[in-house]
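One structure is given here, and the rest of the page talks about it.
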Amino acid sequence: MNFAFTEDQILIRDSARGWLGDFAPASHVRQVMATAEGYDRALWAEVAAMGWTGLIVPEDLGGSGLGFVELAILCEEMGRRLYPSPFEATVVLAANALLAVGTDRILDRIATGEITATLGAANATGKVTAVRNGDAYHLDGVLRHVPDGARADLILVAAELDGRTALFAVDGAAPGLTREGLASMDQTRRPAELRFEAAILPASSLVSADAGTALATALDRAAAMTAAHAVGAAEQCLEMTVEYTKGRVQFGRPVAGFQAVKHQCADMALAVETARSAAYWAACVADDMGHNGDGTELALAASGAKAWCSRAYFDCAATAIQLHGGVGFTWEYDVHLYFKNARAIEAVLGDPASHRERVAGLIGLDELAEAAQ
Amino acid sequence: MKLSFSAEDEAFRAEIAAWMRDNLTGEFAKLKNRGGPGDEHAFFEERRAFERHMGKAGWTGVGWPKAVGGRGAPLSHQVIFFEEYARAGGPGRVGHIGEGLAGPTIIAFGTEDQKRRFLPGILSGDDLWCQGYSEPNAGSDLANVRTKARLVGDRWVIDGQKVWTSLAHVSDWCFVIARTEEGTSGHKGLSYLLVPMNQKGITVRPIQQMTGTSEFNEVFFDGAETAAENIVGQPGEGWKVAMGTLAFERGASTLGQQMAFRNQLDEIIAIAKANGRARDPMIRQRLADAWIGLQIMRANALRMLSKAEGPELPREAYVSKLYWATWHRDLGKLAMDVLGPEAEIAPGSPGTYDLTPLQQLFLFTRSDTIYAGTNEIQRNIIAERALGMPREARA
Ligand SMILES: Cc1cc2nc3c(=O)[nH]c(=O)nc-3n(C[C@H](O)[C@H](O)[C@H](O)COP(=O)(O)OP(=O)(O)OC[C@H]3O[C@@H](n4cnc5c(N)ncnc54)[C@H](O)[C@@H]3O)c2cc1C
């Protein structure tokens with residue numbers, strides 16, 4: 001037990017923070033979020049060249065073979081900058097899911113940055129069913145809220161096949177698949193709707209015929225990484241607010257000197273630090289899974305962290321607007337970018353209330369309820 | 001970064017768990033889960049005997065260095081010790097102020113003579129300590145201490161009054177902040193004195209708390225004395241030493257406190273199961289939130305303790321008191337809401353005031369956000385020291 005970063009992990013954090021600070025400042029975010037594509041391909045190529053897309057991909061597949069603590073570090077730093085990119089969809093969702101189902105396929109192409117990918121499973125709403133037809137599979141159904149669904153090169157789709165959850169790898173250009181990018185309030189994210197209308201897939205597109213448990217694990221790990229994103233972004237809200245209130249003078253002194261302002265900032269610091277502890281806890285459990293294989297522990301940690309961190313982030317973003325006063329309500333100041341992202345992050349991969357309800361069940365409250373009948 | 005424990009750690013866990021199982025028996029069996037906050041009077045002498053019993057077996061001062069008689073346990077073992085102690089229902093430690101505050105202060109700031117003189121008594125469970133900081137006019141504004149001490153020959157002579165002094169009525173020693181330089185104010189001119197409680201210059205008067213019990217007291221110093229060498233640090237350095245003591249309140253023992261919280265939460269969950277409140281969606285949300293919050297409290301403490309000591313206190317350390325105090329206070333209210341109308345009913349007959357443990361929890365947790373720095377003071381400290389915001393104006 002040592003719940004502090006190793007030297008290598010500190011190195012990863014510092015270099016990620018430095019690089020993102022240099023290349024993905026708010027001006028960059030604002031510029032790309034106003035484009036149809038939503039990210040900068042040249043910068044993304046550099047992300048891949050730095051090895052970030054292969055961070056959790058095993059070394060023999062061209063990755064670095066690192067774990068979820070290291071991935072959490074990157075997510076936290078990207079969250080701090082709201083870096084708009086296919087990273088969440090490609091690495092946090094797709095690569096993570098491929099690792100969970102235990103396949104070697106596709107991962108090498110993600111590691112090199114050759115393709116971007118995404119996942120449409122329980123993280124999306126809607127349902128897809130598959131039937132086998134000779135050498136092919138036919139997919140039907142609609143999935144909404146698939147992150148990067150319209151721009152990813154490859155889509156991993158969970159579909160019901162013979163009463164089980166199967167995982168398919170679908171080319172973005174597959175016949176019978178229509179993809180529609182959806183404009184969103186938070187412009188740093190690119191949700192999409194995918195329509196499968198008798199989409200015909202070759203047999204080789206089946207990645208796993210029974211992926212239910214693996215996908216649950218992958219989504220829990222993704223929830224833990226989203227929690228880490230929330231930590232970085234929430235901390236940025238805190239830093240911006242402290243900075244701004246120190247400089248803003250009213251009644252002849254910086255507003256940061258007013259106790260009502262200080263105490264709200266202290267509460268933000270509390271939210272950020274407890275959220276950080278929560279996110280690292282979940283990341284550590286995600287890494288330990290290999291040892292004890294107990295899905296319950298991961299489910300508790302992931303749901304706990306997702307519920308806690310996304311609420312903390314929203315609270316911090318909301319307080320940040322309040323303590324900026326009128327400028328906090330403007331397009332010009334960055335606070336609204338975080339406020340909108342905080343709302344989106346609360347909803348992705350399950351909102352706080354649904355995660356708490358899941359925890360309630362896992363800590364035995366369902367049996368408890370029956371016992372009382 | 002790793003949260004899981006090594007095989008060697010687990011072996012240590014088995015050792016302390018077995019010791020607790022084998023020793024919290026016989027005459028000590030009745031001490032299980034007793035003597036916590038709000039229940040300080042329960043079996044005091046027996047708990048003191050248990051403290052001595054632990055001392056003999058080497059289970060006091062687990063985190064203290066070996067050189068001063070402690071176990072010198074690494075962090076992971078300290079964590080495990082405090083968690084297993086509480087998991088086994090180990091009774092409220094009568095010696096916790098000595099082991100957690102006085103001892104570490106003497107180890108950090110005391111002379112070799114003082115270490116030899118005072119530490120063995122803490123380890124053996126023979127000497128109990130209390131903390132003489134607060135005064136009627138020095139609460140949050142601790143530097144406003146007025147109790148005076150002057151050196152007369154080879155003795156400090158002390159006059160003044162302390163208040164809210166926990167366990168003063170059963171303590172052998174008190175660490176007192178007193179003004180030793182005439183005409184000074186604020187942080188300057190204070191000294192940190194170690195004062196024996198059993199002397200005619202000291203009068204202890206219990207104060208009844210809202211729980212009906214009294215674990216804290218008024219302490220009057222009227223020509224009370226202590227030997228000239230019983231000063232920690234130099235005369236006038238008392239503030240620095242006193243702040244050092246406060247820092248020890250964030251030590252590994254908070255992990256044990258959290259395991260006690262866990263026992264309380266488990267009890268509340270069991271009640272929700274028995275009375276059907278576990279079906280109420282709002283109660284489910286709150287119980288889950290409390291459960292998550294407690295896991296995070298542990299993670300936060302481990303994060304803080306895992307950091308090598310640096311010149312700057314990490315932010316997670318600054319927020320820890322505000323966090324646990326508020327969490328615990330919320331738990332007290334949640335207990336009442338889960339119990340519903342039954343929350344009101346106390347054991348005994350009308351006219352008596354003998355509360356259930358959860359009633360005590362509900363009432364006592366109102367003080368968690370007051371002692372050891374109120375929530376408001378914690379927020380000031382976080383804002384000023386962790387975030388670098390302007391300091392409060394002083395009169
Ligand atoms: C159960 C219990 C046990 C205790 N045990 C001990 C003990 O063993 N030894 C010991 O020395 N003391 C002990 N204390 C005392 C405790 O440390 C003080 O009660 C505490 O520091 C607050 O001081 P006060 O009671 O004078 O409140 P005050 O300082 O008078 O505070 C009143 C209110 O004003 C607020 N306030 C004060 N200053 C500020 C400010 N600058 N900004 C914003 N708000 C402010 C406070 O937060 C509080 O809400 C104990 C207290 C309790 C309740």
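With the convex hull drawn over the C-alpha atoms of segment B:132-237, the volume per residue is 89 Å³.
In straight-distance terms, cross-link reach from B:Lys148 covers every one of the lysines whose alpha-carbon lies under 19 Å from its own, apart from those fewer than eight places away in the same chain; here that gives B:Lys162, B:Lys188, B:Lys200, B:Lys240.
A straight line joining the Cα centroids of segment B:118-143 and segment B:187-222 runs 9 Å. Across A:Ala223, A:Ala301, A:Ala183, mean-square fluctuation computed from a Gaussian network of chain A (C-alpha pairs under 10 Å connected) peaks at A:Ala183. Could you give the angle, 0 to 90 degrees to the nearest 10, between helix A:335-347's Cα long axis and the longest principal axis of the Cα atoms of chain A? Orientation of helix A:335-347: about 40 degrees from the principal axis. Comparing mean-square fluctuations of A:Ala42, A:Ala117, A:Ala312 from a GNM of chain A with C-alpha springs under 10 Å, the top value falls on A:Ala42. Relative to the longest principal axis of the Cα atoms of chain B, helix B:75-87 runs at roughly 60 degrees. Once the Cβ-Cβ distance of B:Ala270 and B:Met210 is raised to the sixth power relative to R0 = 30 Å, the FRET efficiency obtained is 0.70. Computed from Cα atoms, the angle from the helix A:259-292 axis to the main principal axis of chain A rounds to 30 degrees. Straight Cα distances below 17 angstrom link B:Lys115 to the lysines B:Lys66, with same-chain residues fewer than 8 positions distant left out.
Under 5 Å from the amide H of B:Asp172 lie the amide H atoms of B:Leu128, B:Trp129, each residue being 5 or more positions distant or on a separate chain, with H modelled from the backbone and absent for Pro and chain starts. Which aspartates and glutamates have a Cα lying under 13 Å from the Cα of B:Lys273, excluding residues fewer than 8 positions away in the same chain? List returned: A:Asp366, A:Glu367, A:Glu370.
A dipole drawn for segment B:7-94 from +1 and -1 charges on Cβ atoms has a positive end, and of B:Ala7, B:Leu24, B:Leu75 the residue lying farthest that way is B:Leu24.
Per the Debye calculation on chain B with a single equal scatterer at every Cα and no solvent contribution, log₁₀ I(q)/I(0) for q = 0.09, 0.11, 0.15 Å⁻¹ amounts to -0.56, -0.86, -1.59.
Overall shape: oblate for segment B:289-328, with the ratio a/c of the largest to smallest alpha carbon gyration tensor axis at 1.5 or above and b/c at least equal to a/b. Taking the Cα centre of chain A as origin and assigning +1 to Lys and Arg Cβ atoms and -1 to Asp and Glu Cβ atoms, the resulting dipole is close to 1200 debye.
The Cβ shell under 14 Å around B:Ile296 holds other residues with a net charge of +3, Lys and Arg each +1, Asp and Glu each -1. GNM on chain A, alpha-carbon springs under 10 angstrom: the most fluctuating residue among A:Gly54, A:Gly247, A:Gly141 is A:Gly247.
Read-outs: derived from the displayed coordinates by stated rules, not from any lab. Here the structure is a predicted model, which is why all the values come from computation and not from measurement. Cβ sites come from the backbone with ideal geometry, for glycine too, and all protein chains shown count toward neighbours.
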